[in-house]
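Novice: Below are the structure tokens for one structure; questions will follow.
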Amino acid sequence: MIVQKPSSRIRDWGYSPGRFPTGPRNSVLDVPGVRVGQVDINKGEDVHTGVTVIFPRGVKDTSYIPCYAAVHDMNGVGEWTGVHQIREWGFTRAPIAFTNTVSVGKVYDAIWKWSAKRLEEDGITDLLDQMNYLGFPTVGETFDGLLNNIFKSVIEEEHVLAAIGNAEKQDAVLEGNHGGGTAMRSHGFKAGTGTSSRVLKGEGNKEYTVGVIVQNNYGSMDDLQIDGVPVGRILKAGKTHAEKVPNAPRAPESGKAAEGSCLVLIITDIPLLPHQLRRIAQRAGMGLSQVSGHGVGRNFSGEFFMALSTANCPESPSSWDGTTSLPPFLETDKVETMKSMLIDSVFIAAAEATEEALLNSMTEAETMKGFNGYETRALPRKEVEELLKRHGRGYMRDLA
């Protein structure tokens, strides 16, 4: 059973990123209809991993009502399945999952079988009919092999199904050491899952939400910054960072193993088309750079971004039964779209929420002792709060 601990998000530490207000939960769950389920697997000291499954339209409707979507890679060393279909068609109709590097295939297979079974339960049993609703699952990975014995490959179908079940009842995204982020590290400290949201005004009394969920596992200690303060370098110089367990090998703080990867999923109810969503996805990189400066996009890293919109219902079923080589006539869908000349606000909201989600993944994370004796410490709250205050950052309201 996953138990949510008291909040220790970056705003609790004194820093409120950006200018736009958050949603009521400051979470991707602020976007209407979005559901997230997580499963943690912790067995002794050697096994720490998990899976996160996200349903943009809830567990019931995600397969039936596609979402316009787009993807962007900053540096492409890693895997996020299903992106070729998104690039080709401009939409997705499948759950999105985050897990560890070696479990992509298992999670993909489990989601595919679950989706087919759900269609059968709904009375859609013919394979050709099912293909109208089956989309390639989009499964992203980051490497948790420093704290988890990744080669045991413990994630199985039962864990994916449990995460799907949790999506129907979880009322919060559990941050830090939870779900796919269970054993992830960032900037030499413990990290994992993080989320945030921003609210934008529309015409009249309309409000739109931009939600972000991340799996954070990238960056060297030297690059970590919070509100412009070079926190990583200061902590490293002061030797307040993670210490190794006595008589155990040390987890690297820099180099290939420290670069890692980061998954960023942006979900919004703003009516956006695929070319606009591609531009939104790119702006996740701006949020990463607020936390890691010039340290993002390194040679061995994989920063993968996806943006999708729940506002429109593209690709509604057609009357063509597929028995002829070509459809007898063309049909259309009616969609709404935001004016692109106003998109700067969405760019900034996506970057802000990405930055905050990344920081939440670290401030909510807890020290973990894992595989082969490695221990990765949590980011030290007291020291970070003092640094922000000393540099006049984060606590500007107090100084005023």
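Novice: Taking the Cα atoms of segment 135-180, report the difference between the largest and smallest coordinate on each principal axis, in whole Å and largest first.
Specialist: 31, 28, 18
Novice: Calculate the spin-label point distance for ARG25 paired with TRP89, positioning each point 7 Å from the Cα along the beta-carbon direction, and give it in nanometres.
Specialist: Each label point lies 7 Å from its Cα, and together they span 2.7 nm.
Novice: Please work out whether segment 146-218 counts as rounded, prolate or oblate from its C-alpha gyration tensor, where a ≥ b ≥ c are the square roots of the eigenvalues and a/c under 1.5 means rounded, while otherwise a/b larger than b/c means prolate and anything else oblate? Mind dumping the intermediate values first?
Specialist: Working: a/c = 3.84, a/b = 1.69, b/c = 2.28.
Because a/c hits 1.5 or more and a/b fails to exceed b/c, segment 146-218 counts as oblate.
Novice: Accessible surface of THR323 in the full protein assembly, 1.4 angstrom probe, to the nearest 10 Å²?
Specialist: 110 Å²
Novice: Under a 10 Å cutoff between Cα atoms, tell me which one of HIS159, HIS84, HIS178 has the largest fluctuation in the Gaussian network model of the chain.
Specialist: Judging by the Gaussian network model, the answer is HIS84.
Novice: If you place +1 on the Cβ of every Lys and Arg, -1 on the Cβ of every Asp and Glu, and leave all else neutral, what size is the dipole of the chain about its Cα centre, to the nearest 20 Debye?
Specialist: Here the size comes out at about 1340 debye.
Novice: Using the Karplus equation 6.51 cos²θ - 1.76 cosθ + 1.60 (θ = phi - 60°), what ³J(HN,Hα) coupling, rounded to whole Hz, does each residue of segment 263-274 give in order, writing x for Gly and Pro?
Specialist: So the Karplus estimates, Gly and Pro as x, are 10, 10, 10, 10, 10, 9, 9, 6, x, 10, 9, x Hz.
Novice: Eigenvalues of the Cα gyration tensor times 5, then square-rooted: what semi-axes does that give for segment 46-150, in whole angstrom, largest first?
Specialist: Ellipsoid semi-axes (Å, largest first): 26, 17, 11.
Novice: Provide the solvent-accessible area of TYR15, counting protein heavy atoms only and rolling a 1.4 Å probe, rounded to the nearest 10 Å².
Specialist: Approximately 20 Å² of TYR15 is accessible to the 1.4 Å probe.
Novice: Here are a few candidate values for Cα extents along the principal axes in Å: (1) 79, 43, 38; (2) 54, 51, 48; (3) 72, 51, 37. Which one was actually calculated from the structure I just gave you?
Specialist: (3)
Novice: Still on this structure, please answer the following. Amide H to amide H, which residues 5 or more places from ALA97 or on other chains are under 5 Å from it, using H placed in the peptide plane?
Specialist: Here the answer is ILE54, THR138, VAL139, GLY140, since their amide H atoms fall under 5 Å of that of ALA97.
Novice: Here is a further query. Taking a label point 7 Å from the Cα of GLU386 along the Cα→Cβ vector, which residues of segment 210-236 have an amide N closer than 17 Å to it?
Specialist: Of the residues in segment 210-236, 230-236 have backbone N under 17 Å from the label point off GLU386.
Novice: Which order do TYR108, TYR218, TYR374 take when ranked by solvent-accessible area (1.4 Å probe, heavy atoms of all protein chains), largest first?
Specialist: Of TYR108, TYR218, TYR374, the descending order of accessible area is TYR108, TYR374, TYR218.
Novice: Could you check how much of the accessible area of the chain is carbon and sulfur, as a whole percent, using a 1.4 Å probe?
Specialist: 51 percent
Novice: Sticking with the crude label model, points 7 Å out along Cα→Cβ, report the distance from GLN130 to SER318 in nm, one decimal please.
Specialist: 2.3 nm
Novice: Select from VAL51, VAL77, VAL296 the residue whose mean-square fluctuation is largest in a Gaussian network model of the chain (Cα-Cα springs shorter than 10 Å).
Specialist: For the chain, modelled as a Gaussian network with Cα springs under 10 Å, the answer is VAL77.
Novice: Then there's this: Rounded, prolate or oblate: which one fits segment 109-232, using the alpha carbon gyration tensor with axes a ≥ b ≥ c (rounded when a/c is under 1.5, else prolate when a/b beats b/c, else oblate)?
Specialist: Here segment 109-232 falls in the oblate category.
Novice: What length, rounded to one decimal in nm, is gained on full extension from ASP12 through to LYS369, with 0.36 nm per residue of separation minus their alpha-carbon distance?
Specialist: Between ASP12 and LYS369, full extension yields an extra 126.0 nm.
Novice: May I ask you to list the lysines whose Cα is less than 19 Å away from that of LYS113, ignoring any residue fewer than eight positions away on the same chain?
Specialist: The reachable lysines, counting only those whose Cα sits under 19 Å from LYS113, are LYS60.
Novice: Excluding ligands, DNA and RNA, what is the solvent-accessible area per residue of the chain at a probe of 1.4 Å, expressed in Å²?
Specialist: 44 Å²
Novice: Is it possible to state the helix-based mean residue ellipticity at 222 nm for the chain, with each DSSP H run of 4+ residues giving -39500 (n - 2.57), the sum divided by total residues, to the nearest 500 deg cm²/dmol? What is it?
Specialist: Calculated mean residue ellipticity at 222 nm is -7500 deg cm²/dmol.
Novice: Here's a follow-up. For MET286, tell me the accessible area in Å² from a 1.4 Å probe, rounded to the nearest 10.
Specialist: Per-residue accessible area (MET286): approximately 100 Å².
Novice: Taking the Cα centre of each part, how many Å lie between segment 326-393 and segment 31-77?
Specialist: For segment 326-393 versus segment 31-77, the Cα centre distance is 14 Å.
Novice: Right, something else. Assuming a ≥ b ≥ c are the square roots of the Cα gyration tensor eigenvalues, decide whether segment 1-108 counts as rounded (a/c under 1.5), prolate (otherwise, with a/b larger than b/c) or oblate.
Specialist: Oblate, because a/c is 1.5 or more while a/b does not exceed b/c.
Novice: So, in nm, how far is label ASP344 from label PHE300 when the simple model puts each one 7 Å beyond its Cα toward the Cβ?
Specialist: Inter-label distance under the simple model: 4.0 nm.
Novice: A further question on this structure: With the chain treated as a Gaussian network of Cα nodes joined by springs under 10 Å, which of GLU315, GLU157, GLU120 yields the largest mean-square fluctuation?
Specialist: The residue with the greatest mean-square fluctuation here is GLU120.
Novice: Treating only the Cβ atoms of Lys and Arg (+1) and Asp and Glu (-1) as charged, compute the dipole magnitude of segment 85-189 about its Cα centre; round to the nearest 20 debye.
Specialist: 360 debye
Novice: Across segment 315-329, in residue order, what do the Karplus-derived ³J(HN,Hα) couplings come to in whole Hz, using 6.51 cos²θ - 1.76 cosθ + 1.60 with θ = phi - 60° and x for Gly and Pro?
Specialist: With coefficients 6.51, -1.76 and 1.60, one gets 6, 5, x, 9, 7, 6, 8, x, 7, 9, 5, 9, x, x, 7 Hz.
The values are calculated or read from the model by the stated rules, or taken from the named source; none is laboratory data. These numbers come from a predicted model, not from an experiment. Ideal geometry is used to build each Cβ from the backbone, glycine not excepted, and the neighbour counts take in all protein chains shown. Just so you know, the surface numbers come from the protein's heavy atoms only, side chains and all, with ligands and any DNA or RNA stripped out. Shrake-Rupley method; radii C 1.70, N 1.55, O 1.52, S 1.80 Å.
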